[in-house]
Amino acid sequence: MNMTSSRALRTVILLLAGSLLAGCATGGLKGNKSEGLKLAHLLRDQGRLEAAADVYARLDVRGLLNGPEMLEYASVAAPVRQPAQALTLYSRARDALGGSLENMSSSEALAICTGMGRAELALGQMGLAQQSFTCALQRDSKNVTALNGAGVLLDAQGQHEQARQRFQQALTQDPGNIPVMNNLALSWLASGQADRAIQQLSNADASNPSVRLNLALAWLVKGDEDKARDVLSQLADASQVDTLLTSLKARAAQLSSSSNTLLMASTQPLSLSEPNP
C-alpha cells in the first residue's frame, strides 16, 4: 500500500470512528463506546496500531475509557507514539486502575511496569527505568522485555558481564528475539570482544536489516572495513554503502568511549532510512 492509499484509509477509519462516537451526546454512549472498542480491537489485531490508537484517543477524549481500557490504549499506542507520550499514557492507566500496583492484577501491573520501563529507558531516565524493570521482573522473572531492558541498563553502567546474563536469560525464553540479539552483540562490542559480536550476529536472521548493520559495525570495530563493506553491499544499493559506512564508523568510534553512546545504540537501533548515529 502506497503512502497516499495509507492516508486515505486512515481518513476513512477516523471518519468511521467519529460517526460511531457522534451519538454519545444524545444518549447513545454505551453502544457507541462498544462499537468504538470493537473497531479499535479490529485495527489492533490487524496490526494497524496507528489507526487503532487514534480510535482509542477519540474514546479517551470523551472520557469513555475505564482502567483496563486505558491500559489497552497505552499498550497499543506505545509503539507508534513518542516515548514521553507513551509514558504519560501508562501513568494515566496506572492511576485509572487505582494507582497502586499491589492492588492490580499481576498482568496489569506487569504491563504497566514494562511499558513505563521502556519509555523511561528511551527517555534516558535510567533510575526510574531500573525501578520499573525490577517491578516487572518481580512479577515475571522470565519477562523478555524486562530482561532486555535490565540488560541495557547494566551495559550502560559498564556492567557488561551482568548485562549479558540478562540478555542470555531473555534469549532462553525467546531465542529469535532480534532486539535482544543486537543488544547482546553491542555488549560484546562494548567489552572489546568484536569476534564474539560477529559470531552472535552471524548466527542471527541474516534477512533482518538491523542485524546486518550491527554486523557491519562489529567488523568495523574489529578493524576490517572490507568485511564491513561486503556486509553492507548485500544490504543496500551501491549508492548507499559509502554513506552507511561513514555513519557506522562514527558510531564505532563513539561506542567504545561512552556509556551514553551504548545506551543510544540499544534504544535507537541502526536504520537503513536513518543511517546517522
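The values are calculated or read from the model by the stated rules, or taken from the named source; none is laboratory data. Computed from a predicted model, the values in this text were never measured in an experiment. FYI the Cβ positions are ideal-geometry reconstructions off the backbone, even for glycines, and counts take in every protein chain you see. Ligands, DNA and RNA are excluded from the accessible area calculation, which covers all protein heavy atoms including side chains. Shrake-Rupley method; radii C 1.70, N 1.55, O 1.52, S 1.80 Å.
Points worth noting:
- First in the stretch 161-187 and more than 15 Å from residue 143 (Cα to Cα) and assigned to a helix (DSSP H, G or I), second anywhere and among the acidic types (Asp, Glu) and open to solvent by 80 Å² or more (accessible area, probe 1.4 Å), Cβ under 9 Å, 6 or more apart: 187/161
- Exactly one residue out of 141, 187, 207 is of a type in the set (Gly, Ala, Ser), surrounded by fewer than 23 Cβ atoms within 10 Å (Cβ to Cβ) and modelled with pLDDT under 95: that is 207.
- Test: residue 97 is closer than 26 Å to residue 138 by Cβ, surrounded by 19 or more Cβ atoms within 10 Å (Cβ to Cβ) and in contact (Cβ under 8 Å) with a residue 24 or more places away in the chain: yes
- Residue 194 being among the small types (Gly, Ala, Ser) and within 25 Å of residue 216 (Cα to Cα): yes
- Hits in the stretch 35-56 - residues which are open to solvent by 30 Å² or more (accessible area, probe 1.4 Å) and on the phi < 0 side of the Ramachandran plot: 35, 38, 41, 42, 44, 45, 46, 48, 49, 50
- Residue check, residue 195 assigned to a helix (DSSP H, G or I) and of a type in the set (Asp, Glu): yes
- Verdict on residue 75 being assigned to a helix (DSSP H, G or I), at pLDDT 95 or above and open to solvent by 20 Å² or more (accessible area, probe 1.4 Å): yes
- Residues in the stretch 153-184 that are under 18 Å from residue 210 (Cα atoms), open to solvent by less than 40 Å² (accessible area, probe 1.4 Å) and not polar (S, T, N, Q): 167, 171, 178, 180, 181, 184.
- Test: residue in the stretch 257-270 that is at pLDDT below 90, β-branched (Val, Ile, Thr) and surrounded by 16 or more Cβ atoms within 10 Å (Cβ to Cβ): yes
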